[in-house]
Amino acid sequence: MALGYNTITFNPDKCDGCGDCMRACSQAKAGTDDPVHSRIQILANETPSTGEQQSPIEMAMCRQCGDPKCVSNCPAAALSKDLSSGTIDWDSSKCVNCLLCTVGCAFGGITYNVEVGHVTKCDTCDGNPACVKVCPHGALEYNTSGSVYTRIGDKEDLFVPGLSACQGCNSELLIRHTLRNVGSNVVVATPPGCIPGMGTVGYNGKTGTKVPVFHPLLTNTASMLAGIKKQYNRVGRDVTMLALAGDGGVGDVGFQSLSGAAERNEQQLFMCVDNEGYMNTGMQSSGSTPAGSWTSTTPVGKEMQGKRTDAKNMARIMMMHNCEYVATASLSFMDDYYDKLDKALAASKRGFAYLHVYAPCPTGWRFPAAETIEVCRKQVESNFVTLWEFTPDQGLQFTRSVDKPAPLADYLKQIGKYRHLNQDQIDHLQRRVDNQVKSLKAFEQTSAVS
Amino acid sequence: MTTIEKAITPDIDDSHYQSKTLVCDGNEAAAWGVALARPDVMAIYPITPQSSLVEYLSQFVAEGIIDAELMNVEGEHSVMSALQGAALAGARTYTATCGPGLAFMFEPYIRTPGLRLPMVASLVTRDTLTPQCVWGGHQDAMLVKEAGWIQMYCETVQEVLDTTTMAFRIGEHPDVMLPVNVNSDGNYLSYGATGIQLPAAPLVDAFMGEKNVNWHAALDPERPMAIDPLTGGAGGPGPSMFANYRKSQCDGMQNALRVIEETHKDWGDRIGRYYSPLVEEYRLDDADYALVTIGSMTGAAKDAVDLARDQGEAVGIIKIKTFRPFPVEAINRALSKVKAIGVVDRSVNFGWNCGPVYQETLAAAQRLQRFLPSASFIGGLAGSDITVEHFSQVIEDTAQLLKGHHYDEPIWINRND
Amino acid sequence: MQHSKYLIIGSSHAALEAVAAIRMQDPDGSLTLITRDKHLPYSPTVLPYVVSGRSQPDNINLKDQAYFDLHAIEFIPGRKVEKIEPENHCVILDNGQQWQYDKLLLATGASPLIPPISGLDQTEFLVLRTLEDAIALRQASSQAKKAIVLGAGLVGMHGAENLAEAGLDVTVVEMQTQVLPGYFDPQAAGLIESAFSQHGVTMKMGHRAVRIEQQDNGCQVELENGETLEADLLLVSTGVKPVTDYCAGSGIETDQGILVDDHMATNQTDIWAAGDVTQAGDFYSNAQVVTGILPDAVEQGRIAGMAMSEDPCLKSYNGGIPINTYTFYGQQAISVGVSDLSTGTLADCSEVELSVDTDNGFFQKIIFKDNQLQGISGINAALDPGIMWQLILRRIDLADDKADFVAKPLETGRRLMSRTWR
Ligand SMILES: Cc1cc2nc3c(=O)[nH]c(=O)nc-3n(C[C@H](O)[C@H](O)[C@H](O)COP(=O)(O)OP(=O)(O)OC[C@H]3O[C@@H](n4cnc5c(N)ncnc54)[C@H](O)[C@@H]3O)c2cc1C
């Protein structure tokens, strides 16, 4: 029953109160700049009584609620939730101007406009909101993950219920979403790690997956898939090859076969689920473990304060293979993820597609299970990881702005494995983050030119 | 090339039932053997002395003689991995390797038998590092004798071709379902050119029959299943499941003894060339003692035995073709005819201070329930030649056993060459 | 005997909201809606607009048959509940049919209260609660010349405006000294009254009708002071009373309405009640009150539905707050919470911020207590009543924001809410 829809999101930290959105809305709805017509209200740059700058900036607009009280309160059936778009539609021919809808709304999202003599509310400009388009700071975004969930929710979950992942596991969420979207015409490879560890390939003759699935070695996922694909090509069948591999099976011991398959442009979708170490076997360090991290093989003691060397950036390495498609993704940005998954799937029909999904691990990184998605979000917002995609023709393009990042320290302090970091280590990581962004930006510019 | 190409086209025309004569070395012969078996997927990575074999394969693919997917992968590890994948999708698969390549392949290599995937991999045998060496020897193949692959050692270039083709049928037999190594000695067989007969393709096609390599396990959306879930542990159904998997793998290996014999017989009936499938007995019936040999060395050994026979020595040869599964009964049938043996190895068993064939032969012989005087000879390492002269010496040394002589140590051939 | 897991009596706001809440939690359990009304669900609140012609009777349905089909709901219109037998989990309809339920919701709303004025029972008069009433009133207004409206509550005021706009000569008779008592204080009420007067409506405040007589083509109304008024249309709008007649003998506890706890449960197992029919907790006191407003019917309906379907997110009813949004002659009057200290219990420790501009018809009154908003009412003052309601319900501490709030209640309210939601 519960349906998800596209929504306009507002990040007050990025808003400077410029009011462009309100002008754009007024223009779109009334052909004027007068903010009285704006259905998005950016609230008070200053406190009326003191004239002081208010921080953060607040916002009032229709949230297109799932159980809209404005609709329930309307005696005239003038308001209704459109089940396909999710917007709450207002029908002027039915409205009697009783204002009971405004009693139902706790957001200031439907309000009486004296100028026009009736209530007005955001209609998301039919899915192309004018306010979002003009926002110069990315404070307003049009988030499509809700509708994506609805679309994917209708598809069959191709893993069985009861996979035994840890509480709050990002990877289980990821693979369920992924396979739903990929569908059943697929062969799934899950090299040793958390994903088979949670029972996807199964135990003692029983399976955890409704589609063909297997354990490759930690070292040979890409090669095995390549062999399978060759045979299906030979017999003229179009079957998707999907690898769900951990960072060790990708960037460490699995790297040679991965690199070879990428070079040969084997038709497969290779997904790295990066939890920054060997979490399944007790949180040992991997090549993907960031400097300073506590792991069971880079402990914290008198002589060692976590991992001494930086992580390698596998996504960037794969980009250098000039694969058909390379992208990074985070589950806190599902619409972005799905977009990339679709592109990667399409690319995997032509050649090698690589998706690097950042997968914070509550058990191994030591943070509360309920905070997984929040940690994912902070990773991205601090630029600790960046969201981008690459194709040989387009080059590298960021899919989410890397400007105005949140301080890295905010991200680090959420996570137990960084608790011991001293200022030097934090500074080192911040420098590393800044440098990574700088060099990725250089790639972006190169692509823009060529 | 064109006439030979025609020989393996499926057109059924009387002339095509005629075999062709060609002059080639063992690596090319192996490639022809592969071509006749019509594989679907081949993955390759070059390594001396196998390289020319995969060059021939590539050439055959380039010229359309072999219609198969050819995967030029980045190393032997991926070679074996890709072939496993292909086999799980239903492909007939082939590769070749040796020495360090086999060592690098080892991780996926030891998994193929457990997956019960029929597959043929030629081992163009090579001695192992170190000392640094690129020449023939059996050390590589002997190191993997416990991995669960069927292993057959060839004596001649013709046998390389014939055995390579037969190996596919043996491995794919439903009672076997195991991968097969066709071993040909690096240098001696790989590069030794000779005239051979190329069987006519239609005859071989009839011999091979229907292809069905993965009826038991598949990665196929049309029959979804999980391949290789975690099995075993100390509780639940796991331990017995694991034991039963292993047992059935051993059963497949034992079934192979029969299937190898049947296949060689059928090959002989259809193609006209018969081989001793497990163990060849050479001038053994009236022998007092015998040499035990394996692989291409046997040619020189036979010459030496012929010479010794001329001089009245009652000596024969027991040649092992099938080393895995070890043909205990066939060996013992042969051993029971003699009073002493000298076993010649082209590799060593470090811990036992002898050759591995020697050790295995003695292990079989204990079932004869009588004392069999024996000597272990180690030679032909790193490409060195075990000549007729060397074998004459081996015969002489072995004859000493009949006089009550006893050797505490292996006798090293080529040490003074 | 028929059976339904969920049996809902009534098909208006409380009932429909309960249905939605149940279906969120239990998409399949059998659900039946029985209502005495013959139509698809509509709201009594829309009826003044049916009278005025702004709304067409066939265009006011809150739900249609497709909705019921989609959610597997059986909708039975035109059937009245006569009796309830809680011990048998059974409801008996006017046609004798018996319905067994697992869970029963009584959402029968209210009906017009007919005052005990001598002669009224022998006089032709109109009320406004059902679609039939509205159509009859519209019909009557097109033929009549002079109208008397008894009662200056919401229904009466709407009726008066409709009739005046239809060209009738209208007199409003109200026993109390102001219009819309309970929602606006006398000063604000005065502003509303004068708008009516300016539009030619005669406002007789503080007058009690003592006798009414049927005449040949109309009626005569005699007031306490002896004055008599004549009219050919009499609209009685002296308030409403919960519809609870069918509760008789059932053991369901009633007072003015059906008594419910803060999960809308009655004293009988598996029976809930919601909306105008209830007498539920008050927000400001420990009293049980009849509120009779639409937002409360919705709120109570949802709570009842959640309780019935055992929704784990069920929260207790916060207590009723008077809320009114009232549009008259193109002006807006809004009232949320306490509006008049003279009638309440807050007088001693409350703080009042008043701002009035009679010339421009502007009125704004804010009442705080302990830095919490208690009530806000306004005429032609921009307010978000939904936000004000939340500020009161959540007892949000306004100590730091009071000055801003008084200066700009709209913006400050929005800002406070935006912050609260984050
Ligand atoms: C003219 C008018 C104007 C109004 N304006 C406003 C306003 O501006 N703001 C505001 O907040 N409120 C207003 N109201 C009040 C508002 O309409 C009610 O509070 C609201 O409708 C209550 O909803 P409810 O579901 O509790 O009951 P109701 O709407 O009264 O519905 C009761 C339902 O029960 C059914 N029923 C009754 N008895 C039985 C029985 N025995 N068997 C079967 N079915 C039965 C009825 O058919 C009906 O479907 C107004 C009311 C009127 C009449």
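Things to note:
- Counting only helices (runs of 4 or more DSSP H) that sit wholly inside the stretch A:99-157, those with at least 1 residues that are within 25 Å of C:G413 (Cα to Cα) and not β-branched (V, I, T) are A:100-104, A:130-134.
- Flag for C:A195 being away from the ligand (no atom under 14 Å from the Cβ), free of Cβ contacts under 8 Å to residues at least 40 places away in the same chain, open to solvent by less than 50 Å² (accessible area, probe 1.4 Å) and not assigned by TED's automatic domain parsing to the domain that holds C:L354: no
- Scanning the stretch C:90-110 for residues that are over 17 Å from C:V46 (Cβ atoms), within 13 Å of the ligand (Cβ to nearest atom), more than 14 Å from every other protein chain (Cβ to nearest Cβ) and surrounded by 18 or more Cβ atoms within 10 Å (Cβ to Cβ) yields C:V91, C:L93, C:W99, C:L104, C:L105, C:L106, C:T108.
- Per the conditions (1) hydrophobic (A, V, I, L, M, F, W, C); (2) within 14 Å of chain C (Cβ to nearest Cβ); (3) more than 30 Å from C:T327 (Cα to Cα), the sole criterion not satisfied by A:C131 is (2).
- The number of residues in the stretch A:209-268 being more than 10 Å from chain B (Cβ to nearest Cβ) and in a strand (DSSP E or B) comes to 6.
- Qualifying residue in the stretch A:96-113 (condition: surrounded by fewer than 20 Cβ atoms within 10 Å (Cβ to Cβ), away from the ligand (no atom under 14 Å from the Cβ) and not aromatic (F, W, Y)): yes
- Scanning the stretch C:128-166 for residues that are in a loop (DSSP other than H, G, I, E, B) and more than 19 Å from the chain's Cα centre (by Cα) yields C:A144, C:K145, C:A166.
- Subset of the stretch A:166-198 (residues that are small (G, A, S) and buried (at least 21 other Cβ atoms within 10 Å of the Cβ)): A:S171, A:A189, A:G193
- Close Cβ contacts (under 8 Å, 6 or more residues apart or on different chains) running from residues in the stretch C:34-49 that are closer than 9 Å to C:S12 by Cα and within 14 Å of chain A (Cβ to nearest Cβ) to residues that are open to solvent by less than 30 Å² (accessible area, probe 1.4 Å) and within 6 Å of the ligand (Cβ to nearest atom) comprise C:P41/C:S11; C:P41/C:A15; C:P41/C:T35; C:S43/C:H13; C:S43/C:L294; C:P44/C:G109; C:P44/C:L128.
- Members of the stretch A:119-139 found to be surrounded by 19 or more Cβ atoms within 10 Å (Cβ to Cβ) and not aliphatic (A, V, I, L, M), listed by number: A:T120, A:K121, A:C122, A:D123, A:T124, A:C125, A:P129, A:C131, A:C135
- Matching option when the condition is open to solvent by less than 40 Å² (accessible area, probe 1.4 Å), out of contact with any Lys or Arg (no Cβ under 9 Å at 6 or more places or on another chain) and modelled with pLDDT of 95 or more, among B:I411, B:I378, B:I386: B:I411
- Per the listing A:E58, A:E52, the residue uniquely modelled with pLDDT under 95 and either open to solvent by 50 Å² or more (accessible area, probe 1.4 Å) or of a type in the set (A, V, I, L, M, F, W, C) (or both) is A:E52.
- Residue selected from the stretch A:227-268 under the condition among the aliphatic types (A, V, I, L, M) and open to solvent by 50 Å² or more (accessible area, probe 1.4 Å), by the criterion nearest to A:R316 (Cα to Cα): A:V253
- Members of the stretch C:285-309 found to be more than 13 Å from the ligand (Cβ to nearest atom) and touching a helix residue (DSSP H, G or I) at 6+ places or on another chain (Cβ under 7 Å), listed by number: C:M306, C:M308, C:S309
- Among the candidates C:V289, C:V298, residue that is farther than 24 Å from C:L93 by Cα, open to solvent by 10 Å² or more (accessible area, probe 1.4 Å), hydrophobic (A, V, I, L, M, F, W, C) and in contact with an Asp or Glu (Cβ under 9 Å, 6 or more places away or on another chain): C:V289
- Looking only at the stretch C:243-262, and only at residues there that are part of a loop (DSSP other than H, G, I, E, B) and surrounded by 16 or more Cβ atoms within 10 Å (Cβ to Cβ), the one that is nearest to the ligand (Cβ to nearest atom): C:V243
- Of all residues making up the stretch C:275-284, the number that are more than 10 Å from the ligand (Cβ to nearest atom) and part of a strand (DSSP E or B): 4
- Check on C:I114, more than 14 Å from every other protein chain (Cβ to nearest Cβ), among the β-branched types (V, I, T), more than 9 Å from the ligand (Cβ to nearest atom) and under 21 Å from the mean Cα position of the chain (by Cα): yes
- Any hit, the stretch C:63-78, residues being more than 14 Å from chain A (Cβ to nearest Cβ), among the aliphatic types (A, V, I, L, M) and over 21 Å from C:M306 (Cβ atoms): yes
- Subset of the stretch A:158-170 [free of Cβ contacts under 8 Å to residues at least 60 places away in the same chain and in a loop (DSSP other than H, G, I, E, B)]: A:L158, A:V160, A:P161, A:G162, A:L163, A:S164, A:A165
- Among residues of the stretch B:207-232 that are at the interface with chain A (Cβ under 10 Å from one of its Cβ atoms), those with a Cβ under 8 angstrom from a residue that is of a type in the set (F, W, Y) and surrounded by 17 or more Cβ atoms within 10 Å (Cβ to Cβ), sequence gap 6+ or separate chain, pair up as B:L219/A:F214; B:A226/A:F214; B:I227/A:F214; B:D228/A:F214; B:P229/A:Y203; B:L230/A:Y203; B:T231/A:Y203.
- Of the helices (runs of 4 or more DSSP H) lying entirely inside the stretch A:328-416, those containing at least 2 residues that are in contact with a Leu (Cβ under 9 Å, 6 or more places away or on another chain) are A:334-350, A:372-381, A:408-412.
- Against the criterion of being in a strand (DSSP E or B), away from the ligand (no atom under 16 Å from the Cβ) and either surrounded by fewer than 18 Cβ atoms within 10 Å (Cβ to Cβ) or not assigned by TED's automatic domain parsing to the domain that holds C:G10 (or both), C:Q214 qualifies.
- In the stretch C:310-328, residue nearest to the ligand (Cβ to nearest atom) [restricted to those that are out of contact with any Asp or Glu (no Cβ under 6 Å at 6 or more places or on another chain) and open to solvent by 40 Å² or more (accessible area, probe 1.4 Å)]: C:P322
- Restricting the search to strands (runs of 3 or more DSSP E) fully inside the stretch B:235-337 and requiring at least 2 residues that are over 22 Å from B:E172 (Cβ atoms) and open to solvent by 20 Å² or more (accessible area, probe 1.4 Å) gives B:279-282.
- Among the residues of this structure, B:T231 counts as one that is modelled with pLDDT under 95 and either touching a Lys or Arg at 6+ places or on another chain (Cβ under 8 Å) or of a type in the set (S, T, N, Q) (or both).
The values are calculated or read from the model by the stated rules, or taken from the named source; none is laboratory data. Keep in mind that this is a model prediction, so the values were computed, not measured. Please note: Cβ atoms are built from the backbone with ideal geometry, for glycine as well, and neighbour counts cover all protein chains shown. Heavy atoms of the whole protein, side chains included, go into the accessibility calculation; ligands, DNA and RNA do not. Shrake-Rupley method; radii C 1.70, N 1.55, O 1.52, S 1.80 Å.
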